[in-house]
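Engineer: Structure in structure tokens, see below.
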């Protein structure tokens, strides 16, 4: 940020003693006063090539911010390692450290997200963290982030926008996300989003009545809790929910993979529209609704890490074969309410079968009674 004003003395000494300076044009302009030979590039291969043709010279590659924070230094160091070139990394001041200092916020509380030429499930990140730092740039701009937060019902979260940090034209703006939809900002900007009503725990077995229901089928809380837990979903996993219904399972899968994606496949268009409302209600922008028959759309879906099958439309064997064809090690869990579907589950191969019978309390006058839910089989494909 603003070149030497925010560099450590060690970094300044390295630049002053260098024979050649390498960096993007914006960065090199701040070092023109040194009158050094320079090479303008931020491409790792080009920089490594230039280093190779100058083996006896001391070369400094200048990176904005800190080399360990979503920096081009990562690709460059990998390229230098590949070519056997020795180097030293000198740390700097990263933009979240600088912005937090200007705002009086401890940066150790932040969840870091980069949307600088990268995709991110920003709504899900904001829902599950009190403080989120977002590095922007490329095609994703600040107004688009605020527009999406507002679309998913999170327009009241506080945002702190830092533009051109460290430069004379630095500008820091505060407000609510809904106030910034359509606002034009500098491409050199960073954002801190504060959500005081963030999710303080990972929900499991969300009560059925919290979902928008309609007439669509839904996997009940007790079954959903067991099925999702058996999938062992990782933070960045790609998940399929086949026969998603109201989207209740998709939502609980999405809560467990904030850095991944859930593809909710539902053949009924009206039901798919209903599930979209639930995805927005629970802030799950990492769920992609896919309307169509599973056997028709699965070929276009990305390789899954795990698959839940809540409804197969009589095509269970085809669905399982398609999932295994994409990933032979995929984790599969399905539910069955009929003995016929249980028998069909043989197509999973080795499996673990759990039968769950749940009962819930209901009031009958001054008495409390138990009302049984339909027993359900939860079937998990065992790893090879």
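Each value in this text was obtained by applying a stated rule to the coordinates, not by laboratory testing. From a predicted model like this one, the values you see are computed outputs, not experimental measurements. Here the Cβ positions follow ideal geometry from the backbone for every residue, glycine too, while neighbour counts run over all protein chains shown.
Engineer: Mind sorting 167, 87, 152, 367 by how few other Cβ atoms lie within 10 Å of their own Cβ, fewest first?
Structural biologist: 367, 87, 167, 152
Engineer: In addition: Can you tell me the order of 77-86, 287-296, 334-343, 117-126 when each peptide is scored by its average per-residue count of other Cβ atoms within 10 angstrom, highest first?
Structural biologist: On the way: 77-86: 12.7, 287-296: 18.1, 334-343: 15.6, 117-126: 20.3.
In descending order of packing, they fall as 117-126, 287-296, 334-343, 77-86.
Engineer: For 35, 50, what ranking results if the residue with the fewest other Cβ atoms within 10 Å of its Cβ goes first?
Structural biologist: On the way: 35 7, 50 16.
Fewest-to-most ranking of 35, 50: 35, 50.
Engineer: In 10 Å bins starting at zero, report the fraction of Cα pairs in the range 208-381 per bin as a rounded %.
Structural biologist: Percent of pairs per bin, in order: 10, 39, 36, 11, 3, 0.
Engineer: Next question, about the same structure. List 240, 107 from most exposed to least, where exposure is judged by having the fewest other Cβ atoms within 10 Å.
Structural biologist: Lowest count first: 107, 240.
Engineer: How much length would be gained if the chain were fully extended between residue 89 and residue 281, taking 0.36 nm per residue of separation minus their Cα-Cα distance, in nm to one decimal? List each step's numbers first, then the result.
Structural biologist: Numbers: separation 192, 0.36 × 192 = 69.12 nm, distance 4.47 nm.
Stretched out fully, the residue 89 to residue 281 stretch lengthens by 64.6 nm.
Engineer: Please report the antiparallel percentage of DSSP beta bridges with both residues in the chain, rounded to the nearest 5. Walk me through the intermediate numbers first.
Structural biologist: On the way: 34 of 65 bridges.
For the chain, the DSSP antiparallel bridge percentage is about 50.
Engineer: Continuing with this model, one more query. Using alpha carbon centroids, what distance separates the range 218-293 and the range 106-170, in Å?
Structural biologist: The distance from the Cα centre of the range 218-293 to that of the range 106-170 comes to 24 Å.
Engineer: In terms of the Cα gyration tensor, with a ≥ b ≥ c the square roots of its eigenvalues, is the range 95-194 rounded because a/c is under 1.5, prolate because a/b exceeds b/c, or oblate?
Structural biologist: Note, shape of the range 95-194 comes out rounded.
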